[in-house]
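K.L.:
Just passing along the structure, written as structure tokens.
The values are calculated or read from the model by the stated rules, or taken from the named source; none is laboratory data. Since we're looking at a predicted model, the values are computed, not measured. Accessible surface areas use protein heavy atoms only, side chains included; no ligands, DNA or RNA. Shrake-Rupley method; radii C 1.70, N 1.55, O 1.52, S 1.80 Å.
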Amino acid sequence: MPSGYSHSYSFLSRLISGIRRISGRRGGIAVMLAGISIFVFSVVLAAAVAPNVGVAADDRRVTIVGSQGGGPGLHDDGSVYQLDGRSVAWRLADADSYFDVTKLPTGTVLAGYMNGETTPCGPYDEPCARTGFRVINPPEITADSSPTVTDEYSFPVRTRVNSEVHDVERLGPNEYVFTDMDAERIAIVDNGTITWEWYANETYDAPPDPTRTDWLHINDIDVIDSDRFLVSVRNAHQLVIIERGHGVVEVINKDESGNGKGDPSVLRQQHNPQWLGNGTVLVADSHNDRIVELHRGADDSWEVTWSIAAAEGVPFSWPRDADRLSNGNTLITDSLNKRIVEINNSGVAVWSYQTQKVPYEADRLPAGERVGGVAYTNANNIDTAASTATGRNIPILSLLLIGIQTGIQTPFWFTEIHVATGVLALISIICGSGLVLKNR
């Protein structure tokens, strides 16, 4: 081949190769920009069309809130605070997390709490976590501008993750019953001394060391009467009634499959049941993203007879408390949507509040959560559409969404759609970067 032709061919080859590299780089950048644009567009659109939540107002309502907090694992900036209407009257923020809160007849506030990175640790390696409950004097008692802790019962646990005291109830002047997720027990303490205990291994098959695994996650106890307690065994999807001297005397959502757990379509990792009486229980069915009433049938089996899965036009996301109030309404703590909402018996929001951090539980004052209440089960004036609504459960995406929500606390309008577009954006960035690097 003549040298002129050789040089021309070489130049043309280099030119074509250069065009391909430029096109490849541009294609890679275009792929990245397309994925990112789709994600950004989905977020902006959702924020623009999102309904207003936390805006229903009635200044006469007084509510006390236990806030688990924020940050990864929801273990930072916990607090207890009181809302007068929708304004914060006072706040105590001296623990990593606070949980169940109850205002006592004395005017003091009883609250379960957890602090991590503490000492001394007893049998555990340092640093450990410390959990228990506190008695808090609000400002109206202290005649000061700030609430103060006046009494505390606590003990070390191996880790601050899934080892907390989530609930405590007062039995007498200095007598309390509480749940202990670390040892998976309930216990009564009187003047600082344990006087009675029930361990879950009396009923459930236990691992070698419950303190090393999130075995049952016993997260709530309510006093039905002087000797009977309603207990939430979260990871078994069950509620049990425990009687002093007899142990478990009734199981709500019995194990029918032989795996040691109840039917997750009935209850799935629930929180904060309330005994309404007449064989009816109100429960925050947390991982089914709904509130349900369970009713005992003629054959002593329990079934869902009423449910609701949304308020203010927004589906619930990990609700963890539902109280039937004396006025017949229901107060719901919608944790991952960071709101507290009161609905009437037609499912309409009559009061709501958007919280700054993730709330665990809320009590409406002066009565708070109590045994007994109006059951919606089989009532004639309940809105059928609200009662039959179902929660979201999209395989993989819903699980990823919960992980994101508990890690960075996304807005309530951030849904599985944004998880999907976010995954698409991540894939486009990886693929686009590969094209760019390949064509450098």
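K.L.:
Using every alpha carbon pair in the range 142-239, what percent of pairs falls into each 5 Å bin from 0 up to the bin containing the largest distance?
P.N.:
2, 12, 22, 22, 18, 12, 6, 3, 1, 1, 0
K.L.:
Hey, another quick one. I'd like the orientation of helix 397-408 relative to the chain: the angle between its Cα long axis and the longest Cα principal axis, in ° from 0 to 90, rounded to 10.
P.N.:
Relative to the chain, helix 397-408 is tipped by roughly 80 degrees.
K.L.:
Let me ask something additional. Could you do me a favour and compute the accessible area per residue for the chain, 1.4 Å probe, result in Å²?
P.N.:
Values: 19570 Å² over 440 residues.
Value for the chain: 44 Å² per residue.
K.L.:
Using only Cα atoms and rounding to the nearest 10 degrees, what angle (0 to 90) does helix 416-438 make with the longest principal axis of the chain?
P.N.:
Here the helix axis deviates by roughly 30 degrees.
K.L.:
So, taking all protein chains as they sit and a 1.4 Å probe, how much accessible area belongs to Cys128, in Å² rounded to tens?
P.N.:
Accessible area of Cys128: about 10 Å².
K.L.:
Assuming 1.002 mPa s and 20 °C, estimate D for the chain with Stokes-Einstein, Rh taken as the Kirkwood radius over Cα pairs, in µm²/s. Could the numbers behind the result be given before it?
P.N.:
Working: Rh = 23.9 Å.
Answer from the Stokes-Einstein relation: 90 µm²/s.
K.L.:
GNM, the chain, Cα, under 10 Å: largest mean-square fluctuation among Val49, Val231, Val161?
P.N.:
With Cα springs under 10 Å in the chain, the top fluctuation among Val49, Val231, Val161 is at Val49.
K.L.:
What is the gain in length, in nm to one decimal, between Ala298 and Asn162 on full extension, counting 0.36 nm per residue of separation less the C-alpha to C-alpha distance? Please list the in-between numbers first.
P.N.:
Values: separation 136, 0.36 × 136 = 48.96 nm, distance 3.68 nm.
In short, 45.3 nm is gained.
K.L.:
Grab the DSSP H runs of the chain that are 4 residues or longer, score each as -39,500 (n - 2.57), total them, divide by all residues and round the 222 nm result to the nearest 500 deg cm²/dmol.
P.N.:
-7000 deg cm²/dmol
K.L.:
Just reorder Phe412, Phe99 by solvent-accessible area, largest first, 1.4 Å probe, all chains present.
P.N.:
Phe412, Phe99
K.L.:
In addition: In degrees between 0 and 90, to the nearest 10, how far off the longest principal axis of the chain does helix 3-49 point, with axes built from Cα atoms?
P.N.:
Result, in degrees: 20.
K.L.:
Moving to a separate point now. Just the C-alpha atoms of the range 126-195: what Rg/Rh do they give, with Rh taken as the Kirkwood radius?
P.N.:
Taking Rh as the inverse mean 1/r over Cα pairs, Rg/Rh reads 1.03.
K.L.:
For the range 63-364, what's the relative contact order in percent, using C-alpha pairs closer than 8 Å and at least 6 residues apart?
P.N.:
Relative contact order, the range 63-364: 12 percent.
K.L.:
Same structure, new question: Taking all protein chains in place and a 1.4 Å probe, what share, in percent, of the accessible surface of the chain do carbon and sulfur account for?
P.N.:
Answer for the chain is 54 percent, counting heavy atoms of protein chains only.
K.L.:
Relative contact order for the range 87-144: what percent, with Cα pairs under 8 Å and sequence separation of 6 or more?
P.N.:
29
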